[in-house]
Amino acid sequence: MTSRMTDQQWEAQNSNLGPAEATARGLCWCCVGNGVLYTAFGGVQRAVPCRECRGDGKAQR
């Protein structure tokens with residue numbers, strides 16, 4: 001049996017790194033290098049591909 005993360009734990013996978021610092025490191029400002037954004041509502045957990053970097057996690061020029 002696998003344990004399921006709470007919605008808060010799922011969303012915590014998004015980084016707390018700020019947009020300016022992410023860009024300075026060469027990472028996408030939106031997903032900060034993850035390539036996806038984690039969202040949850042009412043127990044439905046989704047990983048949505050980042051539109052800004054198209055999922056590669058790199059800063060766009």
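Computed quantities for the displayed model
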| quantity | calculated |
| --- | --- |
| Approximate spin-label separation Lys58-Phe41, in nm, with each point projected 7 Å along Cα-to-Cβ | 3.3 |
| Relative packing of peptides 43-53, 29-39 - highest average C-beta neighbours within 10 Å first | 29-39, 43-53 |
| Three-way shape label, the chain, alpha-carbon gyration tensor, a/c 1.5 | prolate |
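Read the figures in this text as sums done on the coordinates, not as results from a lab. The shown structure was predicted, so the numbers you read here are calculated from the model rather than taken from an experiment. In this analysis, Cβ positions are derived from the backbone assuming ideal geometry, glycine residues included, and neighbour counts consider all displayed protein chains.
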